[in-house]
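Heads up: the structure comes next, in structure tokens.
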Amino acid sequence: MCGAGAIGGVLGGQLAKAGFEVILIDQLPEHVKAINTHGLQLKGVHGNHTLNIPAVLQASEIDFRPDDVIFLAVKSFHCEAAVAELRRATTLELPIFCAQNGVANEGVAARYFQNVNGVMVLIGAKRLVPGEVVHTGNGPVGVGSYPAGLSQVANSVAAALDQTDLPVYTTKHICRAKWNKMLINLNNATLGLTGLASQEAWAHHETRFWIADVWEEGVRVLQAASIAYEGPPGMGSVVDRIRELRDTCMAPDMPLDDELQGRASLWQDLYHRRGEVEATYLNGEIVRLGCQHGVPTPYNSLLLELIEAMAVAREFPGKYTIQQLRERLRD
């Protein structure tokens, strides 16, 4: 598992809990040290577990085997460096499974490895302290081969994931699934800017309408670009979510335990004061496509501008209210 943060930690922890041999790779020394000293602490919707999983700082510390599978769970801005390091660490043509946000990572991996697959991860997860990940929402995980199809190894990995607590499905159209997930992730910036947990955002009428507006802008862009997207089986696409958000009768359950509150990936980027965020690979993708196809993107342009400025300034989440974002949009 290359990347042992929120998503990589939960995926790796779930696989280890199901009995699979897992090695975690992460660049944060304090995180790796805590895992090796005390075990990975996997908490959340499926209980609390201490898992003795070896963790290393570099791929070169691993003696890769022919039957290994590599999951990529690093941030998109670290993907190129991570895949290049993996390529230097082994001459084996191991299957790569990209479990990241955005739609660019599979293409990056394909420049280094031949057998590339995608994983659409719609779970909620966070890593706020070293050695610990919290599984905050049990959404579906989709697996398919890149750019399309369903290889034998993709089926095998899906079968392995199906032995965990995660709801898993396979798809021959993984790119469509990841475009739909990217649309959903456009509001990661909203949650970072406002500081709201995902459950809080869905509970506020004003915030729900803003989220729907952001998503609708993304949908218009993909339609103009003739890019197909689809949601997990039985859940519908982001268009169905937009209709739900417009329903003023919604009253989602708020978790009694603060630990289970969902925190978006860009919220976590700001919280850790990393100096950069993934917004270029999410909102930036919509802004770029909008420019190419003549579709205005005021919502995503504003979100991209503000959250990148906060990241550079190393500001904590929660600088803006939805009302302030509306006012900035009108300026």
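The values are calculated or read from the model by the stated rules, or taken from the named source; none is laboratory data. None of the values given here were measured: they were computed from a predicted structure. With ideal geometry, Cβ positions are generated from the backbone for all residues, glycine too; neighbour counts draw on all protein chains shown. For the accessible areas, the whole protein counts, side chains as well, though only heavy atoms, and no ligand, DNA or RNA atoms are used. Shrake-Rupley method; radii C 1.70, N 1.55, O 1.52, S 1.80 Å.
Descriptive notes on the structure:
- Eigenvalues of the alpha-carbon gyration tensor of the stretch 62-216, scaled by 5 and square-rooted, set the equivalent ellipsoid semi-axes at 30, 17, 16 angstrom, largest first.
- The modelled label-to-label distance between H272 and K172, using points 7 Å beyond Cα along the C-beta direction, is 3.8 nm.
- Protection-proxy order for peptides 319-331, 12-24, each taking the mean of Cβ atoms within 10 Å per residue, highest first: 12-24, 319-331
- Among (1) 1.00; (2) 1.09; (3) 0.95, the entry derived from the coordinates for Cα Rg over 2.2 N^0.38 Å: (3)
- For the chain, the share of accessible area belonging to carbon and sulfur comes to 50 percent (1.4 Å probe, ligands and nucleic acids excluded).
- Relative contact order %, the stretch 260-306, counting alpha carbon pairs below 8 Å whose residues are six or more apart: 29 percent
- Helix 205-224 and the longest principal axis of the C-alpha atoms of the chain enclose an angle of approximately 70°.
- D by Stokes-Einstein for the stretch 167-312, Kirkwood Rh over Cα pairs, 4 °C, 1.567 mPa s: 82 µm²/s.
- Separation of the H204 and Q292 label points, Cα + 7 Å toward Cβ, nm: 3.4 nm
- Per-residue ellipticity at 222 nm from helix content only, as computed over the chain with -39500 (n - 2.57) for each DSSP H run of at least four residues, stands at -13000 deg cm²/dmol.
- Solvent exposure of the chain amounts to 42 Å² per residue of accessible area, where only protein heavy atoms count and the probe is 1.4 Å.
- For W267, the shell of other residues with beta-carbons less than 13 Å away shows a net charge of +2, using +1 for Lys and Arg and -1 for Asp and Glu.
- Extension gain, R65 back to R87 (0.36 nm per residue minus Cα-Cα distance, nm): 6.6 nm
- Zone residues, the stretch 140-176, relative to A18, backbone N less than 12 Å from point 7 Å out along Cα-to-Cβ: 141-143, 155-170
- Ratio Rg/Rh [Cα only; Rh per Kirkwood] for the stretch 251-320: 1.08
- Per-residue extension of 0.36 nm, minus the Cα-Cα distance of L128 and S151, leaves a gain of 4.7 nm for this segment.
- Highest GNM mean-square fluctuation among E216, E30, E315, for the chain modelled with Cα contacts below 10 Å: E30.
- Extension gain for the segment Q223 to R328, taken as residue separation times 0.36 nm less the Cα-Cα distance, is 35.2 nm to one decimal.
- Among the trypsin sites (Lys or Arg not before Pro) within the stretch 161-240, those in coil by DSSP and having at most 15 neighbouring Cβ atoms inside 10 Å are K172.
- Convex hull of the stretch 5-70 built on C-alpha atoms - directionally averaged projected area, nm²: 4.6 nm²
- Loop sites in the stretch 68-119: trypsin sites (Lys or Arg not before Pro), DSSP, at most 16 other Cβ within 10 Å: R111
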